[in-house]
Amino acid sequence: MLDTLLINIGQLLTMNHGEKPLKGEAMGRLPLIENGAVGIKDGRFAFVGSMEEAKQLKAEKVVDCMGRIVSPGLIDPHTHVVFGGSREHEISLKLQGVPYLEILKRGGGIYSTVQATKQLGVEELKRKAKGHLDRMLSYGVTTAEAKSGYGLDRKTEWKQLQVIQMLQQEHPIDLVPTFLGAHALPKEYEGNAAAFLQSMIQILPELKGMAEFVDIFCETGVFTVEEAKAYLQKAKQFGFHVKMHADEIHSIGGTEAAVKLGAASADHLCGASEKGIEMLAASDTIAVLLPGTTFYLNKDRYAKARSLITAGAAVALATDFNPGSCPTENIQLIMSLALLKLKMTPEEIWNAVTVNAAHAIHRGSLAGQIQVGRFADAVLWDAYHYAYIPYHFGVNHAGTVWKHGKVVYQRGEEACAFHT
């Protein structure tokens, strides 16, 4: 006897590609079952197949999906979900065309958020972050990376990671913690990046068990390629996996450095060079693209998704949810921007927010696919064709979200009919 049986699924997006990330042309293939069914038992998928194959199955609860889409839970592999305050006061500067790096020099940008984060206690930060995670969950996200990076000192960075650990226990979304202490250069270290990075390296041993990845913002005016490489090499020596904010604004060789380091992902990549793209394609490093950031900053240069895919790279998508350059938890909006601005196909987009996004945070064997034996993370969508989700933008299409077989979000009774 199954716990739950989902029937009459018009398109069941199994994303069953195997155990490796999808590269190049493979991103255009979308495994699905027409008129499918899914069985759940003890929090895991126990049956995945057609309605014909499911005829003899029994369950305590049967969910009639009424011909709609079911997919794996979505994965957001780049977020900054724990922070204090907000930055709507910077909007006027952005409207005047003041560049982000200039706002940073004026004491705004990340420095404003760092100050606000220092002022909040653990419980206040947790309550605020929970609200953001609740919203992510409502859009169909069941696994997300979560970075620190708004402390730039031991005490506050530890506090952020502590909040992530607490939310990992308390919130339905599985969180993957990343230490981003090297997010910016504090004013007191101006002109002495080496000393600041050394101070971050000194606390790495304390973070084992608190963070899985170490990240750094490699960009003009922040940390150089050589500084980033040396820093992440130290992180690897301490047993951490590494990521890199690479070539977001300028082409300075961050993409190439991330590949040489064997980084799990290189993120942003708006300025990635042709050489960097070729190196990504020949590597296991995932290109995590963040079109919401380019959109919100009102920039014209988006990451070259088509060049990356044509070259044979593995591409994932993420929100980059943060208070300054991309204040949205809506992964579905990112899917639409990928369609319209990155020129990705619907098939590539779905693979980029499931299979490849999982691999970008080393969850490829756990999340992003509907397979017998895996945890039952799934979304029932208020749509009948997978292309409709990125096509109809600006609204929430997620009707019901299951995490480990339990309903953790349901928008309305119109989303599906329950029979017990």
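The values are calculated or read from the model by the stated rules, or taken from the named source; none is laboratory data. Fair warning: this is a prediction, and the values are worked out from it, not measured in the lab. Here Cβ is always computed from backbone atoms with ideal geometry, including for glycine, and neighbour counts include all displayed protein chains. Quick note on the areas: whole protein, heavy atoms, side chains included, nothing else; ligands and nucleic acids left out. Shrake-Rupley method; radii C 1.70, N 1.55, O 1.52, S 1.80 Å.
Does G97 qualify as being surrounded by fewer than 21 Cβ atoms within 10 Å (Cβ to Cβ) and under 17 Å from Y296 (Cβ atoms)? Show your work before the answer.
Working: surrounded by fewer than 21 Cβ atoms within 10 Å (Cβ to Cβ): yes; under 17 Å from Y296 (Cβ atoms): yes.
Criteria met by G97.
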So for region 357-378 (the condition being open to solvent by 40 Å² or more (accessible area, probe 1.4 Å), closer than 28 Å to A263 by Cβ and of a type in the set (S, T, Y)), does at least one residue qualify?
yes
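Yes/no matrix, rows are residues, columns are (1) part of a loop (DSSP other than H, G, I, E, B); (2) surrounded by fewer than 17 Cβ atoms within 10 Å (Cβ to Cβ); (3) touching a helix residue (DSSP H, G or I) at 6+ places or on another chain (Cβ under 6 Å); (4) modelled with pLDDT of 95 or more:
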site	(1), (2), (3), (4)
E124	no, yes, no, yes
W158	no, no, no, yes
L185	yes, no, yes, no
F196	no, no, yes, yes
Lone unmet requirement of (1) free of Cβ contacts under 8 Å to residues at least 12 places away in the same chain; (2) closer than 24 Å to A318 by Cβ; (3) not basic (K, R) for Q202
(2)
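Limited to region 226-276, what total is found for residues that are part of a helix (DSSP H, G or I) and out of contact with any Cys (no Cβ under 6 Å at 6 or more places or on another chain)? Reasoning before the result, please.
Taking region 226-276 first, the residues part of a helix (DSSP H, G or I) are 226-237, 254-261, 274-276.
With the extra rule that they be out of contact with any Cys (no Cβ under 6 Å at 6 or more places or on another chain), the set shrinks to 226-227, 229-237, 255-261, 274-276.
Going through region 226-276 one residue at a time, the tally reaches 21.
Any idea which residue in region 317-334 is nearest to L180 (Cα to Cα), counting only those that are in contact with a Phe, Trp or Tyr (Cβ under 8 Å, 6 or more places away or on another chain) and not in a loop (DSSP other than H, G, I, E, B)?
If we filter region 317-334 for residues that are in contact with a Phe, Trp or Tyr (Cβ under 8 Å, 6 or more places away or on another chain), which is where we start, we get 322-333.
Then drop every residue that is not not in a loop (DSSP other than H, G, I, E, B), which leaves 322, 326, 331-333.
Working: N322: 13, C326: 17, I331: 22, Q332: 25, L333: 25 Å.
Of everything passing the filter in region 317-334, N322 is nearest to L180 (Cα to Cα).
Which residues, taken from region 6-29, are aliphatic (A, V, I, L, M) and under 22 Å from R44 (Cα atoms)? Full working, then the answer.
Just the residues of region 6-29 that are aliphatic (A, V, I, L, M), to begin with: 6-7, 9, 12-13, 15, 22, 26-27.
Hits for region 6-29 are L6, I7, I9, L12, L13, M15.
Given the options G149, G107, G131, G97, name the one that is within 25 Å of the chain's Cα centre (by Cα) and either assigned to a loop (DSSP other than H, G, I, E, B) or aromatic (F, W, Y) (or both).
Values: G107 fails: within 25 Å of the chain's Cα centre (by Cα); G131 fails: either assigned to a loop (DSSP other than H, G, I, E, B) or aromatic (F, W, Y) (or both); G97 fails: within 25 Å of the chain's Cα centre (by Cα).
Going through G149, G107, G131, G97 in turn, the sole match is G149.
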Residue, surrounded by the fewest Cβ atoms within 10 Å (Cβ to Cβ), within region 111-122, restricted to residues that are without any contact (Cβ under 8 Å) to a residue 40 or more places away in the chain and among the hydrophobic types (A, V, I, L, M, F, W, C):
A116
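For A358, are the conditions met, namely being in a helix (DSSP H, G or I), among the aliphatic types (A, V, I, L, M) and closer than 25 Å to H183 by Cα? Walk me through it before giving the result.
Details: in a helix (DSSP H, G or I): yes; among the aliphatic types (A, V, I, L, M): yes; closer than 25 Å to H183 by Cα: yes.
Here the answer is yes, as A358 does meet what is asked.
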Checking G108 against (1) open to solvent by less than 60 Å² (accessible area, probe 1.4 Å); (2) within 15 Å of A184 (Cα to Cα); (3) in contact (Cβ under 8 Å) with a residue 24 or more places away in the chain, only one condition comes out false. Which one?
(3)
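Of everything in region 203-219, what is within 25 Å of the chain's Cα centre (by Cα) and open to solvent by less than 60 Å² (accessible area, probe 1.4 Å)? Give them in sequence order. Before the answer, list the steps.
Residues of region 203-219 that are within 25 Å of the chain's Cα centre (by Cα), as a first pass: 204, 207-219.
Passing the criteria: L204, L207, M210, A211, E212, F213, V214, D215, I216, F217, C218, E219.
If only one of M244, M200 is touching a strand residue (DSSP E or B) at 6+ places or on another chain (Cβ under 9 Å), surrounded by 20 or more Cβ atoms within 10 Å (Cβ to Cβ), more than 20 Å from D320 (Cα to Cα) and modelled with pLDDT of 95 or more, which one is it? Steps first, answer last, please.
Values: M244 fails: more than 20 Å from D320 (Cα to Cα).
One residue alone meets the criteria, M200.
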What number of residues within region 358-410 are more than 18 Å from the chain's Cα centre (by Cα), closer than 21 Å to I33 by Cα and polar (S, T, N, Q)?
2
Taking region 58-91 and keeping residues open to solvent by 60 Å² or more (accessible area, probe 1.4 Å) and either under 19 Å from S138 (Cα atoms) or part of a helix (DSSP H, G or I) (or both) leaves E88, H89, I91
Positions within region 139-180 being farther than 17 Å from R363 by Cα and among the charged types (D, E, K, R), in sequence order
D153, R154, K155, E157, K159, E170
Look at region 323-350 and say how many of its residues are open to solvent by 10 Å² or more (accessible area, probe 1.4 Å), polar (S, T, N, Q) and at pLDDT 95 or above.
3
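Quickly run through region 42-57 and pick out the residues that are under 28 Å from the mean Cα position of the chain (by Cα) and part of a strand (DSSP E or B).
As a first pass, look at region 42-57 and keep what is under 28 Å from the mean Cα position of the chain (by Cα): 42-48.
Matches in region 42-57: R44, F45, A46, F47, V48.
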